[in-house]
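Worksheet for the structure shown next.
The values are calculated or read from the model by the stated rules, or taken from the named source; none is laboratory data. Keep in mind that this is a model prediction, so the values were computed, not measured. With ideal geometry, Cβ positions are generated from the backbone for all residues, glycine too; neighbour counts draw on all protein chains shown. These area figures cover heavy atoms from the full protein model, side chains too; ligands, DNA and RNA do not enter into them. Shrake-Rupley method; radii C 1.70, N 1.55, O 1.52, S 1.80 Å.
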Amino acid sequence: MDLCEQSPSYVRAIAPYQPGKPISELAREMGLNEKKIIKLASNENPLGVSPKAKAAIKKALPELGRYPDGNAFELRAALARRYGVPQECIVVGNGSNDLLELVAGAFLAPGRSAAYSQHAFAVYPLATQARGARSIVVPAKNYGHDLPAMLAAIAPDTRVVFIANPNNPTGTFVPGGELEDFIARVPRDVAVVVDEAYTEYLPPELRYDSVAWLRAHPNLILTRTFSKVYGLAGLRVGFGLMHPRVADLLNRVRQPFNVNSLALAAAVAALGDRGFVAKSHRMNRAGMARLERAFKALGLEYIPSCANFVSFGVPRQNGSSRANSVYEKLLRQGVIVRTVAGYGMPDHLRVTIGTPKENERFLKALDAALEA
């Protein structure tokens, strides 16, 4: 008998996560010069790594022969100071994806279910399916979360609800008051995961204090990342804030030394580099406004976004979708964006906000791709 057939059927049925195409891969495929390719596919910070984080990485290099601090003491202490919570409320992960997997590992199993929105982050169904749990996919409302429908969809076997705010890949946003009201209505034996990977990109008038909600809602889990505005995508480090008893559960299923030494050192330094974060935020908002103006001029519909990316519609031709065709034409011009057909959006593409130069390069290439 085939060994692989011994794997649970729900594992064999998983469609692996498809990341954005790397620059090196596109260069090989099309014979392009890597230096002339721009990647606007994975919502990375176009400014790269902060100077303070770079210095911390360099300082940590001599200790790479030793295991990292498995308890992430310094990073958890820095996060505790920043957010005003005890260290016992903090779990550190290999990117915020790791936290999502830890939640699934702690609360999901065959015979249980997780609820999340249509057009939500691909890791939610992946983490759910990998545990043999059932997915409850709630239809989106204007590409965003329909909270009343999600509340109604919670079943007796539901143990986790995933909400991304802002959402990926749509960039839609749930106001803080509405989200807190939703959390208060969810049964206490259901974990509510609010994935805030893009929260630092919110305009000031939309920001809300979700950390304060932890005191009233012991079933709330907040996940955040250093991969986006902090510019540490290549090092993979994220964290979760939650009730201490929930943190204890997640630590029971967490891999030892799940965050490497360079990531831990860089994250502590990046957390303290408020100037870099502010600069990243300003550039993102200006770039978003530029792309929105351009989409309007091109007659393209787009989904208003509160993150560092925007999804835009590609008009059909003779009733047929041509988003993938435009994507391929952009690739041939050395511009990498992201297809989102796998998210149930076959007529859209998602583009990360880049530097002003990258944004102009993308818009020029998009204009040519639409005309071709």
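Data table
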{"quantity": "Between region 156-192 and region 1-75, the Cα center-to-center distance that results, in Å", "calculated": "28 Å"}
{"quantity": "Per residue, in Å², the accessible surface of region 256-340 once ligands and nucleic acids are set aside, probe 1.4 Å", "calculated": "42 Å²"}
{"quantity": "Kirkwood estimate for region 94-142, i.e. one over the average of 1/r between Cα atoms, Å", "calculated": "11.0 Å"}
{"quantity": "Solvent-accessible area per residue, Å², over region 1-54 with all protein chains present [probe radius 1.4 Å]", "calculated": "68 Å²"}
{"quantity": "Carbon + sulfur, % of accessible area of the chain - ligands and nucleic acids excluded, 1.4 Å", "calculated": "53 percent"}
{"quantity": "Order of exposure, largest accessible area first, which applies to 151, 3, 331 with probe 1.4 Å", "calculated": "3, 151, 331"}
{"quantity": "Taking all pairs of distinct alpha-carbon atoms in region 1-117, Kirkwood radius in angstrom", "calculated": "19.5 Å"}
{"quantity": "Average Cα contact separation per residue, region 199-353, under 8 Å, 6 or more apart, as relative contact order %", "calculated": "17 percent"}
{"quantity": "Region 253-328: GluC sites (Glu not before Pro) in DSSP coil with no more than 14 other Cβ atoms inside 10 Å", "calculated": "301"}
{"quantity": "Cα convex hull of region 315-359 - mean projected area over all directions, nm²", "calculated": "3.6 nm²"}
{"quantity": "√(5λ) per eigenvalue of the Cα gyration tensor, region 284-372, largest first, Å", "calculated": "19, 15, 12"}
{"quantity": "Solvent-accessible area per residue for region 107-174 (1.4 angstrom probe, square angstrom)", "calculated": "33 Å²"}
{"quantity": "Debye log10 I(q)/I(0) at q = 0.12, 0.25, 0.29 Å⁻¹ for region 48-101, Cα point scatterers", "calculated": "-0.37, -1.16, -1.13"}
{"quantity": "Helix-derived mean residue ellipticity, 222 nm - over the chain, DSSP H n ≥ 4, -39500 (n - 2.57), to 500", "calculated": "-11500 deg cm²/dmol"}
{"quantity": "Rounded Å value of the spacing that divides the Cα centres of region 102-144 and region 279-301", "calculated": "32 Å"}
{"quantity": "Overall dimensions of region 166-274 as given by Cα atoms, namely Rg and Dmax in Å", "calculated": "14.9, 41"}
{"quantity": "For region 58-138, Kirkwood radius (reciprocal of mean inverse C-alpha pair distance, Å)", "calculated": "15.1 Å"}
{"quantity": "Shape parameters for region 92-226, alpha-carbon atoms, Rg then Dmax in Å", "calculated": "13.6, 42"}
